[in-house]
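Undergrad: Right, I'll just put the structure down here and ask away after.
No value in this document is a laboratory result; all are computed from the given coordinates. Note that the structure is predicted; figures quoted are calculated from it, not measured. Cβ sites come from the backbone with ideal geometry, for glycine too, and all protein chains shown count toward neighbours.
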C-alpha cells in the first residue's frame with residue numbers, strides 16, 4: 001500500500017478503458033498512453049488491463065506504507081526512491097517507509113505507476129478507469145489528492161532485488177524533431193480545400209496549451225472546410241482529428257465526447273495514440289497518411305512487439321530465478 | 001572464483017591487519033594466501049591508508065549499457081560519487097536491462113566499460129573506491 005504525500009491535480013487511476021457504452025453516451029476513458037501503461041504492468045507480471053496511476057503533472061511524492069514492488073514507465077521525470085535516481089522505465093522493490101519522488105518531466109508528458117496485480121479499486125461497468133466527467137470509477141471517480149491510499153491488488157511477486165528496466169520504442173524517429181502520427185483520412189476529408197488537405201499531410205502542427213485528456217488543440221496551417229451546409233453530429237472516437245470554425249485541428253483523446261459536429265479530417269491510428277499522450281505543449285506533430293491495411297498491420301506489429309517483450313521478460317525471470 | 005581485484009583486496013586487508021596467512025574454503029574452492037614477513041603492519045598502514053574497493057557485479061549475462069542513454073538519468077564518469085543501491089548502468093539482453101547497482105557508498109574508481117561489452121553473471125563491471 002502506498003500513501004500519496006503530494007500530487008498536483010490530474011492524476012487518475014486508469015486501465016484500458018470502459019468499452020461498450022458509447023451508444024449510451026459514455027466515453028471510453030482509460031489510459032492516454034496504453035503502451036507505457038502496458039509495459040509498467042508487464043514489468044510486474046500484471047495483465048495489461050490492470051489499473052495503473054496516470055500522472056500528468058509532477059512533482060509528486062508517495063510513501064510505501066509497507067515493502068513492495070512497483071513499476072514506472074512513460075515520461076522521464078527524475079524519479080528517485082529514497083533519494084536514489086531511477087530510470088524512466090523501472091521495476092523494483094521499495095522498503096517500508098521509503099519515499100518515491102517524481103521530479104520535473106524532462107521529456108514526455110505522462111508517467112504511469114503500477115503496483116503488483118494492479119491498483120485495487122472496484123470495477124464499475126467492467127472497468128477500473130476514472131470517468132472524470134461523470135465522476136465514477138477509479139478512486140472515487142476523482143483525481144488523486146494528498147492522503148489517498150493506493151492498494152496493490154496482489155501480493156508482491158518475487159522480483160530481482162536490484163531491479164530492472166526495459167528498452168521502450170522511441171517517441172520520435174532518430175534525428176527527427178517532430179512526432180510522427182500515422183492517420184487515416186476521415187469522413188469529411190474530401191470536403192476540405194485541396195490546399196488544406198495538402199497542408200494537413202505535409203506541414204507540422206504544434207501542441208497547444210489547451211491539451212488534456214479530452215483532446216489536444218493544435219496550432220499550424222489553418223484548414224479550410226470547403227463544403228456548404230451544417231453537419232449533423234456524428235459519433236467520434238479517440239484519435240479523431242476535428243476541425244472547428246477557426247481551422248485549427250483538435251485531436252480527440254481518451255476522455256473525448258462520444259458525439260461531435262465538427263468536420264473530421266483524419267483519424268490517428270490506435271498504435272500511435274500513445275505518442276500523442278507523451279507530446280508536450282510546444283512539441284510538433286506531423287501526420288502521415290496510411291491505408292486501412294497499413295493501420296491494421298501497425299496494430300498487429302505493435303501486439304507482436306509487446307508479445308516479444310513479454311517473452312524476453314519471462315526468460316529474464318527464469319534466468320534470475322536460477323541464480324538466486 | 002577470485003579475480004585479480006579480489007586478490008588485491010584480500011592482500012591489502014592482510015597487510016593492513018598484519019595477517020601473515022589466510023585460508024578461504026568454500027564449496028569446491030580453496031585459497032591460501034601467505035605474505036612474506038615484512039615491515040611492521042602498523043607502519044604500512046600509516047604510510048598507505050587503506051582504501052577499500054568494492055566491485056559492482058553483473059546481475060545477468062548480457063551487454064553493458066551505460067546510464068544516461070535514453071533513461072532520463074545523467075551519465076556517470078570515473079570519480080563520480082554514488083550511493084549504496086544506486087543504479088550504475090545495465091547489463092542488457094535484448095530489451096531487458098538488468099540493473100547494475102552500487103554495492104556500497106563510494107566513488108567510481110574504474111573506467112566505464114564500452115557500451116556493448118559482454119559480461120557474465122557475477123563478473124565485475126565497475127569498481128568503486130569506498131570510504132575506509
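Undergrad: Which value in nm describes the separation of the simple spin-label points at residue B:109 and residue A:204, placed 7 Å from the Cα toward the beta carbon?
TA: Output for this residue pair reads 4.8 nm.
Undergrad: Taking a temperature of 10 °C and a viscosity of 1.306 mPa s, what whole-number D in µm²/s does Stokes-Einstein yield for the protein assembly as shown with Rh from Kirkwood over alpha carbon pairs? Numbers along the way, then the final one.
TA: Working: Rh = 24.6 Å.
Rounded, D is 65 µm²/s.
Undergrad: Can you pull the three principal axis extents for the Cα set of the range B:50-132, in Å, largest first?
TA: Sorted largest first, the three principal extents are 40, 26, 20 Å.
Undergrad: Fewest first, what order do A:225, A:205 take by the number of other Cβ atoms within 10 Å? Present the calculation step by step, with values, prior to reporting the outcome.
TA: Numbers: A:225 18, A:205 25.
Lowest count first: A:225, A:205.
Undergrad: Only residues of the range A:1-17 count here: report those whose backbone N is under 15 Å from the spot 7 Å along Cα→Cβ of residue A:142, or say none.
TA: From the range A:1-17, the list is A:4, A:7-13.
Undergrad: Using only the C-alpha atoms of the range A:2-150, find the volume of their convex hull and express it per residue in Å³.
TA: 93 Å³
Undergrad: Sticking with this structure for a sec: Just subtract the alpha-carbon distance of residue A:153 and residue A:233 from 0.36 nm times their residue separation and send over the number in nm, one decimal. Walk me through the intermediate numbers first.
TA: Values: separation 80, 0.36 × 80 = 28.80 nm, distance 4.09 nm.
Fully extending the segment from residue A:153 to residue A:233 adds 24.7 nm.
Undergrad: Still on this structure, I have one more. What distance in nm separates the two pseudo spin-label positions at residue B:75 and residue A:48, each 7 Å out from Cα along the beta-carbon direction?
TA: Placing both labels 7 Å along Cα→Cβ, they lie 3.5 nm apart.
Undergrad: Sticking to Cα atoms, compute the Rg of the range A:134-209 to one decimal and its Dmax as the biggest Cα-Cα distance, whole number, in Å.
TA: For the range A:134-209, the Cα-based Rg and Dmax read 22.1, 59 Å.
Undergrad: Could you work out the equivalent-ellipsoid semi-axes for the range A:157-247, taking the square root of 5 times each eigenvalue of the Cα gyration tensor, largest first, in whole Å?
TA: Details: eigenvalues 260, 59, 30 Å².
After diagonalising the Cα gyration tensor, the semi-axes are 36, 17, 12 Å.
Undergrad: Compute the relative contact order of chain A as a whole-number percentage, counting only Cα pairs closer than 8 Å that sit 6 or more residues apart in sequence. Working shown, then result.
TA: Values: 796 pairs, mean separation 61.5, N = 324.
Reported relative contact order: 19 percent.
Undergrad: Quick one: angle between helix A:292-323 and the longest Cα principal axis of chain A, in degrees between 0 and 90, rounded to 10, please.
TA: Result, in degrees: 10.
Undergrad: What's the center-to-center distance, using Cα atoms, between the range A:49-100 and the range A:132-207 in Å?
TA: Centre-to-centre (Cα) distance: 19 Å.
Undergrad: Something else: Does a label point 7 Å from the Cα of residue A:177, set along Cα-to-beta-carbon, have any residues of the range A:81-116 with amide nitrogen under 19 Å, and which are they?
TA: Residues passing the 19 Å test: A:107-108.
Undergrad: Could you state the angle between the C-alpha long axis of helix A:34-43 and the longest principal axis of the C-alpha atoms of chain A, as a value from 0 to 90 degrees rounded to the nearest 10?
TA: The answer is roughly 20 degrees.
Undergrad: Among B:81-89, A:95-103, what's the highest-first ranking by average C-beta atoms within 10 angstrom per residue? Could the numbers behind the result be given before it?
TA: On the way: B:81-89: 19.2, A:95-103: 16.1.
Peptide ranking by packing, descending: B:81-89, A:95-103.
Undergrad: Now for a separate question. Multiplying the sequence separation of residue A:1 and residue A:95 by 0.36 nm and subtracting their Cα-Cα distance, what value in nm do you get?
TA: Difference between extended and current length: 32.7 nm.
Undergrad: What does the helix-only formula give at 222 nm for chain A: each DSSP H stretch with n ≥ 4 adding -39500 (n - 2.57), the total divided by the residues, and the result rounded to the nearest 500 deg cm²/dmol? Provide the component values of the computation, followed by the final result.
TA: On the way: 4 runs with 56 residues, N = 324.
The per-residue figure over chain A is -5500 deg cm²/dmol.
Undergrad: To check my understanding: the extent here is largest minus smallest coordinate of the Cα atoms along each principal axis. What are those three numbers for the range A:183-324, in Å, largest first?
TA: Each principal axis gives a Cα extent; for the range A:183-324 these are 70, 33, 29 Å.
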